[in-house]
Each structure stands twice: as C-alpha cells, then as structure tokens.
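The values are calculated or read from the model by the stated rules, or taken from the named source; none is laboratory data. Everything quoted here is computed from the prediction, not taken from an experiment. Positions of Cβ are generated from backbone atoms using ideal geometry, with glycine treated the same way; all protein chains shown enter the neighbour counts. Just the protein is used for accessible areas: all its heavy atoms, side chains included, with ligands, DNA and RNA removed. Shrake-Rupley method; radii C 1.70, N 1.55, O 1.52, S 1.80 Å.
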Amino acid sequence: MASGEASGLSTRSPREPELRTPRQDKYSVLLPTYNERENLPLIVWLLVKSFSESGFNYEIIIIDDGSPDGTRDVAEQLEKIYGSDKILLRPREQKLGLGTAYIHGVKHATGNHIIIMDADLSHHPKFIPEFIRKQKEGNFDIVSGTRYKGNGGVYGWDLKRKIIRLYRKEVLQKLIEKCVSKGYVFQMEMIVRARQLNYTVGEVPISFVDRVYGESKLGGNEIVSFLKGLLTLFATT
C-alpha cells in the first residue's frame, strides 16, 4: 500500500493541473492622436486619475500618427512621468486612418479588455468605471456610451464624434477581422458587425463635449486640480 493511501491522504497525479485563481482584469486604453499636444496631457492625467481612484489595472496606449505639432514629444514626456508600464507610446510615421490605428493598438495591448476613446476630451474618462461596472454586471461583450438614455447628453457635439467603447479583447479582435472601414465609420461598422455576430452590447449614458482646448467644458476645479497634479508630478520625477 502506498504511503499516501496508508495515511488516508489522497495523492495528486503529477500531470493534474493545480487550481488557479482567475487573473485580474486589465484595461488597455487605445488613444489615437493627431495634433493633440494641448489635450494629451489632460486626457492622460484624467485617465490615470480615474483608474487610480477606482483601483482597476490599466495601461494607456498612445498611437500617434506622425503629428506635425509635436504630440509625439509630449507623449514621450508623459511616458517618462507616469512610467512605461502605464503609458505606452506606439507611434506610426503618418496618418493612416482611425481603423488601422485601433488595429495597431490592439497588437500592443496586454489587457483582456480594450477601451477605445478620443484624445480630444469629447469623452470624459470619469465614465470609465461605470463602463466597467456595466460590463461586469451583465457580462457584456461590448459596452457603448450613448447619448440617448438616462442622463446622457450632447454639448457642442457633431455626428462625426467617435464614441467611447469597452470591448473584450477577443471580441474586438474578431470584429477588426470582419470590418472593412478604415476611417470614422469604423466604430459604427463594428457595432453593426457585433449585432450580426450576436455579441451582447450594454449601454451607459454619457455626456459628449466639444474639443476642450480653446474653450474648456471641464469644471474649473478639475483644471486647477490637473495643474496641481502636473506640478507635483514634475517635482517628484
């Protein structure tokens, strides 16, 4: 009789896998940029603030398409300030379209969920925790921001504005394979394809605003807090 049996203890086969706890969810934010040097520091600061306060694991992938205004230089500074584990600059040499920017970003994403949003602050990062909660509640494949439900609204917003969305990474990869659009229509086509493939879509009411730089739609307290935060960051790095 084996010693394990004699002692009344069960033995485990060497090939039997050990039980593992599920890995922590990680959220990769894809941030395509073109001439966003003024808005980029603010959107990144707000994203970091939102994720830090909510406790979710994240990374921000900046995909700059050869901006002539120095956006890439700003992104490089942000990468140094916040760390290359949180800010990943993955530039391209020229403007190749929104759809291909997302394809490029997904290749570098290490999260199991992907958030796509605009860098010009037409979407406020404060809504992201609500997107995440919605996804977890309904186990949705996709969560989309909408102006048509609840308290959602539009302020200086036009029909070309892109919509913030949260995807399971594997779902986004599948949709990218199916989509043929490359420009602003890309996001609209992805939702159409998602319906065709019977993916589940949750909705969160959010407010859209026009570009922040030039005429700010953010509250004064947020701007002051942002500036204080920047000073602190530069002083400690």
Legend entry - Which listed residue, of 87, 103, 60, 81, is without any contact (Cβ under 8 Å) to a residue 40 or more places away in the chain and either among the hydrophobic types (A, V, I, L, M, F, W, C) or out of contact with any helix residue (DSSP H, G or I) (no Cβ under 6 Å at 6 or more places or on another chain) (or both): 60
Legend entry - Positions within segment 133-159 being at pLDDT 75 or above, in contact with a strand residue (DSSP E or B) (Cβ under 7 Å, 6 or more places away or on another chain) and over 27 Å from residue 97 (Cα atoms), in sequence order: 134, 135, 138, 140
Inset, instruction - Answer yes if at least one residue in segment 11-30 is of a type outside the set (A, V, I, L, M, F, W, C), at pLDDT 75 or above, over 27 Å from residue 174 (Cβ atoms) and assigned to a loop (DSSP other than H, G, I, E, B), and no otherwise. - result: no
Legend entry - Residues satisfying the stated conditions in segment 64-87, i.e. crowded, with 16+ Cβ neighbours inside 10 Å, small (Gly, Ala, Ser) and modelled with pLDDT under 95: 67
Inset, instruction - Taking only segment 88-102 into account, find how many residues are closer than 14 Å to residue 28 by Cβ, assigned to a helix (DSSP H, G or I) and either open to solvent by 40 Å² or more (accessible area, probe 1.4 Å) or touching a Lys or Arg at 6+ places or on another chain (Cβ under 9 Å) (or both). - result: 1
Legend entry - Single unsatisfied condition, residue 50 versus (1) part of a loop (DSSP other than H, G, I, E, B); (2) under 24 Å from residue 131 (Cα atoms): (1)
